[in-house]
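The values are calculated or read from the model by the stated rules, or taken from the named source; none is laboratory data. Given the structure is predicted, the values throughout are model-derived calculations rather than measurements. So basically every Cβ, Gly included, is an ideal-geometry build from the backbone, and we count neighbours across all protein chains shown. Areas reflect the complete protein model, heavy atoms only, side chains present, ligands, DNA and RNA absent. Shrake-Rupley method; radii C 1.70, N 1.55, O 1.52, S 1.80 Å.
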Amino acid sequence: MLHGDMHRKLGRVEWVTLAVLIACYAVWALAIFVLAPLNLALAIVVCGVAIAQHSSLQHEIIHGHPTPYQGLNEALIFPALILFIPYQRFRDTHLAHHKDANLTDPYDDPESNYLDAGAWDRLCIFRRALFRLNNTLLGRIIVGPFIAQYLFVVSDIRAIRAGDRAVLRAWMWHVPAVAVVLAVVVVAPMPVWGYILAAYFGVAVLKIRTFLEHQAHEKSRGRTVVIEDRGPLALLFLNNNYHVVHHMHPTVPWYQLPALFRARKQRYLSCNDGYYYASYWQVISKHLWRAKDPVVHPLWRREG
């Protein structure tokens, strides 16, 4: 009986995702050990891409992939390649984000990029300019990682001071996860400052994915995008560009999302009120210099 149960669980292992995870660590090691002494700039870029891929894999693990054992899943991505964000905080905030009724809410959606009108009115001219820049794709790539990290850390410090032990525990677990990575980097040819740049670059690449995943819309079902892209960025983001499909079926593995979308394309586009882009190239060409929407949430009003 025990043998049969183990056999069934092995049959549920998503070997494709495990293969991507192994490849991700291999590319990361290649960048910091092999490419760094040959061409540091190239090594930083390749390392950053691996870091972005690792974050995409963390996202899969948050949703219960690739094995039936969540403890094992989380152990597989324990090293904090991205340096800046504790996995447990990513997990908790992302699961809170999946409450679709709160999508884009400046307060209750942890992944919202909108501000409420009152917060905007209190900003100085410099900060307003920075947030406006952050609402273009180029700005989101260049300054977006810094803005997001600053706001994230400030919010977590407040939570810890208020006695939130879950947030404190997440940061405490983050220390050894970062230490493991830095211990490897220190003995590698890549300098630590180069690795920090790679981590920033990795987060910047991820900003391409998150830039317009959600929009302000009266109905929650109309807030989530589909970008019908099957190119390198889609692979790097593990098909999270089919974002409305993911939100409707969060436990479906990444490699099944495109087929699921194609089988019911009109249904999904009807559900999200046609919030659609044909490719990431269309996103880049349309929004590299031009803001997708205002910084202030155009529909949201806080009661009281």
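Per residue, the chain reaches -18000 deg cm²/dmol at 222 nm when only DSSP H runs of four or more residues are counted, each adding -39500 (n - 2.57). Candidate membrane-span-like segments in the chain, meaning DSSP H helices with Cα atoms spread over at least 18 Å of their own axis and a Kyte-Doolittle mean of 1.6 or above, are 15-29, 165-187, with no membrane implied.
Count Lys and Arg as plus one, Asp and Glu as minus one, and take only other residues whose Cβ is under 15 Å from that of Arg264; the net charge is then +3. Computed over protein heavy atoms with a 1.4 Å probe, the carbon and sulfur contribution to the accessible area of the chain reaches 65%. Note that the chain presents 51 Å² accessible area per residue, ligands and nucleic acids not counted, probe 1.4 Å. Which label belongs to the value computed from this structure, given these candidates for P(r) over Cα pairs in 10 Å bins from 0, in percent: (i) 6, 23, 25, 22, 17, 7, 1; (ii) 7, 28, 38, 22, 5, 0; (iii) 6, 25, 35, 25, 8, 1, 0? The value computed from this structure is option (iii).
In this label model, Ala162 and Leu30 are separated by 4.5 nm, measuring between points 7 Å along each Cα→Cβ vector. Largest GNM mean-square fluctuation among Ile160, Ile227, Ile62, using the chain with Cα springs under 10 Å: Ile160. What number comes out for the charge environment of Leu21, summing +1 per Lys or Arg and -1 per Asp or Glu over other residues with Cβ under 14 Å away? Charge balance in the 14 Å sphere: -3. Extension gain, Trp289-Gln70: 0.36 nm per intervening residue step, less the Cα-Cα distance, totals 74.7 nm.
Within the shell defined by Cβ-Cβ distances under 10 Å, the residues around Ala166 carry a net charge of +1, with Lys and Arg each +1 and Asp and Glu each -1.
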